[in-house]
Amino acid sequence: YHLVSLVKKKFFLKGFAFEINKQSRVLLKKNALANKVTNKIKIFSKAEFETMKNILNESQLAKSLFLVDIEGHEFSLFNKNFCTFFSKSFFIVEDHNFNEKSKKKRDNFYKIVKKYFKVEIIKDNAKNPFNYKILDSFTDDEKYLMMSEGRPETMQWLILYPKKK
């Protein structure tokens, strides 16, 4: 849904979505249709290096921003070949380090990413339900439950900037 909004509001000219879940792809298509951006969005299934490499124009990579939220698959996707090819691009990666049980795989991911990109880490912070008037009629417990994403631990995002200009 982020993609539809960003294209509709003209933050981006076009966008590609990779969604592994079939039902989510159907909903994304319906959302794009309802927002009249179907001609600016292409939807694919699994995000894999070869697929991404083949559909993207290499000359546009320096102007490309990728929002990556793939529930731990980032540890497999961001390998040497991927980082080399996309080293001129920008990424916001939701870091699911608690999903990856292999410390070696996590460490290798961070090592590779730091080799090819400048990395900024943004940690999640507390959400104050008392800042939203629409929630005034709910109990404190209900307000806090609505703010929770049910994460097993504090989330962080990696902002990846190209090292080379």
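Assorted remarks:
- F18 long-range amide H proximity, modeled H, under 5 Å: F44
- Projected label distance in nm at N125 and F85, using a 7 Å step from Cα toward the beta-carbon: 3.7 nm
- In this structure, the residue pairs whose Cα-Cα separation is over 27 Å, taken from K10/K42; K8/K115; K22/K143; K80/K104, are K8/K115; K22/K143.
- About its Cα centre, the dipole of the stretch 8-165 is roughly 1040 debye, where the only charges are +1 on Lys and Arg Cβ and -1 on Asp and Glu Cβ.
- Taking label positions 7 Å along the Cα-Cβ direction at both Y1 and K63, the computed distance is 3.0 nm, reported to one decimal.
- What you get for the stretch 1-71, charging only the Cβ of Lys and Arg (+1) and of Asp and Glu (-1), is a dipole of about 520 debye around the Cα centre.
- Long pairs among K63/K127; K103/K123; K14/K53; K40/K114, criterion Cα-Cα beyond 25 Å: K63/K127; K40/K114
- For the stretch 8-24, the residues whose backbone nitrogen is under 12 Å from a point 7 Å from the Cα of K30, taken along Cα to Cβ, are 23-24.
- Options (i) 52, 42, 31; (ii) 76, 36, 28; (iii) 81, 43, 20 - which one matches Cα extents along the principal axes in Å as calculated here: (i)
- R0 of 41 Å, Cβ-Cβ distance K111-Y132: FRET efficiency to nearest 0.05: 0.50
- Trypsin sites (Lys or Arg not before Pro) restricted to the stretch 52-141 and DSSP loop, no more than 10 other C-beta within 10 Å: K101
- The alpha-carbon of K105 sits under 17 angstrom from the alpha-carbons of these aspartates and glutamates, leaving out residues fewer than 8 places away in its chain: E71, E74, E94, D95.
- Shape category assigned to the stretch 34-77 from the gyration tensor of Cα positions, a/c cut at 1.5: oblate
- Applying 0.36 nm per residue to the separation of K53 and M146 and subtracting their alpha-carbon distance, the gain on full extension is 29.6 nm.
- From the largest down, the stretch 116-165 spans 52, 24, 10 angstrom on the principal axes of its Cα atoms.
No lab work stands behind these numbers, since they all come straight from the coordinates. Because the structure is predicted, anything quoted here is derived from the model rather than measured. For neighbour counting, all protein chains shown are included, and Cβ atoms are generated from backbone atoms with ideal geometry for every residue, glycine included.
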